[in-house]
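Reading through the structure tokens given below for one structure.
The values are calculated or read from the model by the stated rules, or taken from the named source; none is laboratory data. Every value quoted in this text rests on a predicted model; they were computed, and no experiment measured them. With ideal geometry, Cβ positions are generated from the backbone for all residues, glycine too; neighbour counts draw on all protein chains shown.
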Amino acid sequence: MEKIIETLKAGGTILYPTDTIWGIGCDATNIEAINKIFEIKKREKNKSMIILVESAKRLEDLVEVPEMAWEIMDLSEKPVTLIYDNPKGLPKEILAEDGSIGIRLVDDLFLKKIITKLNKPLVSTSANFSGEKSPMKFSDISQEIIDAVDFVAEENHDKVSEYSGSSVIRIWNDGRIKVIRE
């Protein structure tokens, strides 16, 4: 765990198991680290990335959370990423073209520990090249990606994810919602 935090605080990238699939992550406030992830994934810079937070407080520090968002998170049977308007304190490099951001409030203890110790939100994007299938287990990850990140978490290499990704729901401050991915 200490090496993960040390890497993130130094502006590095990590390969780690999320509450869904394996992901590539970095400090969500570090523009250089965010740009490195775009390079690793061979991803166009106009595509946004999601971030993970460990607490309702951190979520509320970043965005206005409509009441409907709490209900969706409470009722969801799997991890859910909600897309919010007008985030505060995040670099434009991780925002969508319309200025929105996808954020997932995690329950997973490993992830909560990372984010708490980093004391910043964590970028999370699938550990694959843009357009390829998401890795359900560590052995699905390309060696090129493994070699490109600064640190590989040792946790859960044998675990196979029960989810191919989170649900993604766009939520507006006026109460409208749109399911992007179930």
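Here's the yes/no breakdown for (1) exposed (fewer than 12 other Cβ atoms within 10 Å of the Cβ); (2) of a type outside the set (D, E, K, R):
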site: SER55; (1), (2): no, yes
site: THR81; (1), (2): no, yes
site: GLU93; (1), (2): no, no
site: ASP98; (1), (2): yes, no
site: THR116; (1), (2): no, yes
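Among the residues of the stretch 119-138, count how many are more than 21 Å from PHE38 (Cα to Cα) and surrounded by 19 or more Cβ atoms within 10 Å (Cβ to Cβ). Qualifying residue count for the region: 0. Among the residues of this structure, ILE31 counts as one that is touching a Pro at 6+ places or on another chain (Cβ under 6 Å) and either within 20 Å of LEU118 (Cβ to Cβ) or touching a residue at least 12 places away in the same chain (Cβ under 8 Å) (or both). Starting from residues that are in a helix (DSSP H, G or I) and without any contact (Cβ under 8 Å) to a residue 40 or more places away in the chain, keep the ones in the stretch 86-116 and report whichever is farthest from MET1 (Cα to Cα). Once the filter is applied, the top-ranked residue is LYS92. Evaluating VAL65 against the criteria (1) part of a loop (DSSP other than H, G, I, E, B); (2) within 23 Å of ILE146 (Cβ to Cβ); (3) out of contact with any Ser or Thr (no Cβ under 9 Å at 6 or more places or on another chain) leaves one unmet condition, (2).
Has the stretch 138-150 got any residue that is closer than 23 Å to ARG181 by Cβ, part of a strand (DSSP E or B) and at pLDDT 95 or above? No, the stretch 138-150 has no match at all.
Within the stretch 68-78, does at least one residue satisfy the condition of being in contact with a Gly (Cβ under 9 Å, 6 or more places away or on another chain), surrounded by fewer than 19 Cβ atoms within 10 Å (Cβ to Cβ), on the phi > 0 side of the Ramachandran plot and of a type outside the set (Lys, Arg)? Taking every residue of the stretch 68-78 in turn, none turns out to be in contact with a Gly (Cβ under 9 Å, 6 or more places away or on another chain), surrounded by fewer than 19 Cβ atoms within 10 Å (Cβ to Cβ), on the phi > 0 side of the Ramachandran plot and of a type outside the set (Lys, Arg).
Residues that are surrounded by 15 or more Cβ atoms within 10 Å (Cβ to Cβ) and within 18 Å of LYS45 (Cβ to Cβ): does the stretch 152-168 have at least one? No, the conditions are met nowhere in the stretch 152-168.
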